[in-house]
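Remarks on the structure that follows.
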Amino acid sequence: MKDLREKAIRGGVARVSAQAIFFALRIGALMILARLLGPKDFGLVGMVTAFTSVLNLFRDFGLSSATVQREDITREQISTLFWINILVGAILTFGLSLMAPIVVRFYHEPRLFWVTIALASGFLINAAGVQHSALLQRQMRFTALAVIQIVALVVSTALGIGVALLGYGYWALVVLSVALPLVSTVGFWLATRWIPGMPSRRAGIPSMIRFGGVVTLISAIVYVAYNLDKVLLGRFWGAVALGIYGRSFQIINIPTDNLNSAVGEVAFAALSRLQGDLIRLRSYFLKGYSLVLAMTVPMTCTIAIFPHDLVMVVLGAKWVAAAEILRLLAPTVLVFAVLNPLGWLLLATGKIRESLKRALVLAPVVIIGYSLGLRYGPTGVAMGFSTAMMLWVLPHIAWCVRGTPISFGDVMKVLAKPLFSGVIAVAMAKGFQFLCPQWLPFPRLVFGVALLLSVYTGMLLYVMGQKGFYVGLFRQLGRRSSLETESLAAANEA
């Protein structure tokens with residue numbers, strides 16, 4: 001169990017550190033591409049990715065989660081799952097290619113035909129690396145995963161920017177989207193050095209397929225709830241409106257995705273190993289939950305207080321209309337951080353039916369919220385999205401923790417400390433913003449965020465009494481690093 005704790009800490013630190021680099025790279029790529037391309041370029045590709053992303057949920061049929069979650073698994077089972085993934089990927093690639101004329105007709109945009117065909121290839125490419133990635137997660141080799149993802153992003157971004165500089169417009173985004181999974185899959189194969197064997201009917205995988213099927217269904221329901229807004233905007237308001245809304249949503253989504261990827265993979269793998277130990281499960285979950293919320297609150301505050309400066313710095317002057325949408329979407333960053341870890345808890349402990357029920361209620365609540373705002377365009381959709389999420393968050397928490405070792409009071413206690421610290425930090429940042437209205441966007445954003453983070457960190461560590469928790473965490477990491485160094489030195493001497 002001690003080894004699991006050390007792996008979880010090392011894995012978490014490795015993933016968070018890597019995701020910080022990942023975040024910087026994605027923001028840098030967005031800044032460059034937003035200046036090389038226009039809203040319509042992003043909107044055109046966004047029209048297709050609204051469809052491809054839904055189908056992308058089925059690329060592994062949840063079998064990667066089944067591989068990680070299962071207490072014991074054989075090579076024969078993993079090989080069989082690999083070939084199932086390949087079959088599903090081939091079906092999705094062929095199916096989306098057949099849908100290309102339908103996508104063109106739906107949006108009344110002929111340029112989408114070849115864009116759809118090109119993006120369809122990504123399903124088969126992804127399928128080839130699903131089980132290799134799952135093996136790395138199961139072995140808690142998160143440093144290897146992080147390196148692969150960073151290299152893949154660097155290579156794909158460089159290709160995308162190169163195509164944009166050559167003047168090929170929206171095709172730059174298509175190249176980036178296809179190159180990213182291709183480089184990632186090659187990296188997963190090289191890191192695991194695992195070559196799948198032949199599939200077997202005797203592998204005993206029906207229960208894993210059932211688990212993966214339900215996980216996929218949950219992911220599909222949640223994805224539709226969180227992305228139907230973009231389909232509706234593209235259909236009724238056009239590519240420009242979707243491009244502006246989509247870039248605002250991307251700024252919201254980048255920190256959320258990075259944090260979920262960094263902590264979620266580690267948490268799911270660790271909690272899955274603790275299914276039979278409820279005391280340690282509760283302790284691990286609450287510590288991880290505290291870390292996620294502590295990192296998310298300042299992100300939410302920054303987006304809410306400095307939306308105009310963020311848009312000017314990240315996207316440029318031609319995207320100024322995105323600032324109001326960004327401000328309206330800011331609360332969803334915190335809501336996602338509150339809700340997502342509860343999903344990890346339910347899935348890691350095998351409560352897939354309970355998780356499915358909650359998804360079936362969450363989805364219509366969110367869809368109704370932004371559908372009511374659709375008549376008012378992107379700003380109405382953003383307001384409806386955030387309002388629905390904020391109204392549902394507390395009932396959702398109470399429902400999710402029922403039947404688990406976590407109580408509603410536990411969640412509120414963990415949430416209260418970073419939230420109160422954030423309120424004080426926001427007050428100070430607003431005061432700075434009021435005193436410096438004539439500053440240029442970049443220096444105002446840098447100094448404003450620095451002030452916000454300083455106040456927030458001071459409040460959280462000293463006023464809220466969280467210093468001991470983080471000092472203990474870093475001491476644990478330091479002890480482990482010291483032991484590894486000593487072991488390596490001893491081995492070299494021998």
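Bear in mind these aren't lab numbers, they're just calculated from the coordinates by the rules spelled out. As the structure is a prediction and not an experimental result, all values here were calculated from the model. Cβ coordinates were reconstructed from backbone atoms using ideal geometry, including for glycine residues, and neighbour counts include every protein chain displayed.
Local charge for Lys357 was computed over the other residues whose Cβ lies under 14 Å away, with Lys and Arg +1 and Asp and Glu -1, and equals +3.
Ignoring lysines fewer than eight residues from Lys318 along the same chain, the ones with Cα atoms less than 18 angstrom from its Cα are Lys40. Oblate is the label for the stretch 104-175, because a/c, from the alpha-carbon gyration tensor with a ≥ b ≥ c as root eigenvalues, is 1.5 or above and a/b does not exceed b/c. Per-peptide packing, taken as the mean over residues of other Cβ atoms within 10 Å, places 95-101, 185-191, 140-146 in the sequence 140-146, 185-191, 95-101 from highest down.
Which links in Lys413/Lys467; Lys351/Lys467; Lys230/Lys287 stretch past 26 Å when you go from one Cα to the other? From Lys413/Lys467; Lys351/Lys467; Lys230/Lys287, over 26 Å: Lys351/Lys467; Lys230/Lys287.
Residues Tyr170, Tyr245, Tyr370, ranked from the fewest to the most other C-beta atoms within 10 Å, line up as Tyr170, Tyr370, Tyr245. Over all other residues within a Cβ to Cβ distance under 13 Å of Ile397, the charged ones net out to +2, with Lys and Arg as +1 and Asp and Glu as -1.
The Cβ shell under 11 Å around Met312 holds other residues with a net charge of +1, Lys and Arg each +1, Asp and Glu each -1. Fewest-first ordering of Cys301, Cys400, Cys436 by other beta carbons within 10 Å of each residue's beta carbon gives Cys436, Cys400, Cys301. Fewest neighbouring Cβ atoms within 10 Å first, the residues His132, His308 line up as His308, His132.
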